[in-house]
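A.B. asks: Handing you a structure now.
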Amino acid sequence: MTLGATVRRTFERALDPKDVISDPVKCRAYECDGLTGYRVAPDLVLLPHNAEQVAAAVRVCAQHGVPFVARGAGTGLSGGALPVADGVVISLARLKRVLEIDPVNRRAVLEPGVTNLEITTAAAPHGLYYAPDPSSQQVCTIGGNVAENSGGAHCLKYGFTTHHVLSCKVVLADGSVVTLGTDTGEQLGPDLRGVFLGSEGTLGITTTITVRLLRTPESVRTLLADFPSVAAAGDVVSDIIAAGIVPAAVEMMDTLAIEAAEEAVHAGYTVGVPAALVVELDGPVEECDVQFEQVKTICDRHGCTRLHIAGSVEERAAIWRGRKAAFAAVGRISPDYFVQDGVVPRTRLAEVLDRIAAMGRDAGIRVANVFHAGDGNLHPLVLYSAAAGETERAERLSGQIAELCVELGGSLSGEHGIGTDKACSMPTMFSEEDLDVMRRVRAGFDPRGLCNPGKVLPTPRLCGERPGKYKPHPLEEAGLIERL
């Protein structure tokens with residue numbers, strides 16, 4: 001069923017006719033997020049300008065039983081913003097104001113369309129910054145960070161989004177507006193703020209977010225170290241933590257990831273080396289100096305073949321530019337790829353990477369690895385060619401890698417979320433009783449299931465039919481017809 005003209009006109013009255021997109025060609029721009037293998041065209045795309053219009057749009061959805069999906073920058077990697085056929089996308093891209101920077105109480109009040117990096121940019125004149133920093137921080141938004149409970153390179157020391165969000169103003173599935181949490185982070189009763197964070201848009205839409213800001217560190221020290229094997233680099237990570245040192249960040253990249261990143265941004269990485277670590281310390285000058293010497297000693301003990309210490313702000317930025325470019329840069333060495341996101345205990349890093357390499361060889365698919373080594377959050381990049389008919393093999397391998405992480409005592413996702421991509425793998429990590437509790441919590445917020453349906457929790461239809469996976473018609477592949 002397609003949404004009728006009456007429903008469309010109701011949305012146009014709630015917003016403005018020019019802010020309701022119904023042209024099928026224009027709607028195609030919203031048919032997927034960063035996981036481009038899954039595509040569904042929405043019937044309508046709504047472009048509200050403020051929180052009041054978001055609530056008005058949701059009330060129309062509730063009135064007519066229309067499913068809706070909130071969308072930020074569309075940079076998610078799990079199909080969490082995949083539209084629903086016969087539903088609407090509510091874009092938050094225009095809600096992008098920094099409402100307040102409060103340097104005295106060290107907090108910021110933001111609309112969901114503010115990018116992660118813009119928060120730190122706005123806070124910087126006050127000697128403050130926002131700690132969570134996903135690799136996509138230049139383009140990903142705080143609303144999406146809240147939805148996925150995003151982390152980033154510095155989550156080892158500073159935690160994830162949930163540790164830095166004090167409160168959220170939320171539009172629930174019936175269009176009512178509530179505030180979850182408080183400006184101080186303290187509250188009585190159940191932590192509904194914590195329930196909402198990381199719920200992947202299934203419990204409501206946040207329209208205002210209050211975050212905690214931190215003081216800019218007194219000192220920051222960064223090094224880039226090469227190793228003769230992934231195992232040696234993994235041992236360095238374990239020894240750093242065992243020494244009582246908690247770095248701001250510890251990142252690892254393998255040969256393929258380094259090759260792609262260096263070709264893209266020329267950051268000074270060593271092409272061909274089996275593994276490289278980026279280690280960053282921050283804090284008081286004396287503490288950083290002592291711990292930095294300890295880290296260098298640990299690197300030497302495990303056969304470090306090259307140690308590059310950033311001697312300036314520019315050199316530090318270059319090292320991080322190489323690491324944060326890795327995902328997009330992989331497009332230079334592979335026409336298509338899936339980005340997976342699982343977690344394993346630090347002590348099993350070498351084991352899981354060996355297993356992933358073996359699985360890739362068995363499947364005839366290359367896998368590049370770039371990840372947050374400090375907390376075992378893997379980001380295997382499964383490289384394939386859709387034109388060569390490798391899509392199904394690559395998709396299967398990607399799912400197997402996620403489930404391998406659970407087998408080794410980890411989890412399906414560290415920060416990218418479950419979304420559409422891993423919903424069918426949820427029973428490998430959770431019992432049916434666990435999943436039923438999750439369904440009941442979700443129903444408590446959204447009894448009719450209108451808010452981002454088909455995400456996170458497995459359903460027989462989802463896992464049997466795998467909706468959204470677009471396969472071209474043979475006539476389209478032959479160039480005889482065009483998809484609109």
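Values in this text are rule-based calculations from the coordinates and carry no lab data. If you're wondering where the values come from, they're calculated on a predicted model, not measured in any experiment. For neighbour counting, all protein chains shown are included, and Cβ atoms are generated from backbone atoms with ideal geometry for every residue, glycine included.
A.B. asks: Hey, what's the Cα Rg ratio for the chain versus the globular rule of thumb, 2.2 N^0.38 Å?
C.D. replies: This ratio for the chain stands at 0.98.
A.B. asks: Please work out how much length the chain gains when fully extended from Asp354 to Arg440, using 0.36 nm per residue of separation minus the C-alpha to C-alpha distance, in nm with one decimal.
C.D. replies: 27.1 nm
A.B. asks: Please give the contour-minus-distance gain from Asp191 to Val313: 0.36 nm per residue of separation, less the Cα-Cα distance, rounded to one decimal in nm.
C.D. replies: Extending this stretch completely gives an extra 39.9 nm.
A.B. asks: On to the next question. Under a 5 Å amide H to amide H cut-off, with H placed in plane at 1.01 Å, what residues pair with Thr207 once short-range neighbours are removed?
C.D. replies: Here Lys169, Val170, Val171 satisfy the definition.
A.B. asks: Using Cα centres only, tell me the gap between segment 299-331 and segment 133-175 in whole Å.
C.D. replies: So the separation of the two Cα centres works out to 25 Å.
A.B. asks: Could you calculate the contour length gain from Leu214 to Arg321, that is, 0.36 nm times the residue separation minus the distance between their Cα atoms, to one decimal place in nm?
C.D. replies: Extra length available between Leu214 and Arg321 comes to 36.3 nm.
A.B. asks: What spacing in nm lies between the two simple spin-label points modelled at Gln138 and Arg306, each 7 Å away from Cα in the Cβ direction?
C.D. replies: Distance between the two pseudo-spin positions: 2.3 nm.
A.B. asks: Per residue, how big is the convex hull of segment 219-329 when only Cα atoms are used? Give it in Å³.
C.D. replies: Taking only Cα atoms, segment 219-329 has a hull volume of 85 Å³ per residue.
A.B. asks: Could you sort the peptides 414-423, 348-357, 288-297, 80-89 by per-residue average Cβ neighbour count (10 Å cutoff), highest mean leading?
C.D. replies: 414-423, 80-89, 348-357, 288-297
A.B. asks: Can I ask one more? Tell me, how many Å apart are the Cα centres for segment 432-457 and for segment 333-352?
C.D. replies: Centre-to-centre (Cα) distance: 28 Å.
A.B. asks: Rounded to the nearest 500, what is the chain's calculated 222 nm mean residue ellipticity when only DSSP H runs of at least 4 contribute -39500 (n - 2.57) each, over all residues?
C.D. replies: -10000 deg cm²/dmol
A.B. asks: Please give the net charge around Ala233, taking every other residue with its beta carbon less than 10 angstrom from that of Ala233, where Lys and Arg add +1 and Asp and Glu add -1.
C.D. replies: Computed value for this residue: -3.
A.B. asks: If you don't mind, there's one more thing I want to ask. Based on the mean of other Cβ atoms within 10 Å per residue, sort peptides 202-210, 169-177, 106-114 so the most packed one is first. Write out the running numbers ahead of the final one.
C.D. replies: Numbers: 202-210: 25.2, 169-177: 19.3, 106-114: 22.8.
Listed from highest to lowest mean packing, they are 202-210, 106-114, 169-177.
A.B. asks: Once both axes come from the Cα atoms, what is the angle between helix 391-407 and the longest principal axis of the chain, in degrees from 0 to 90, rounded to 10?
C.D. replies: Relative to the chain, helix 391-407 is tipped by roughly 70 degrees.
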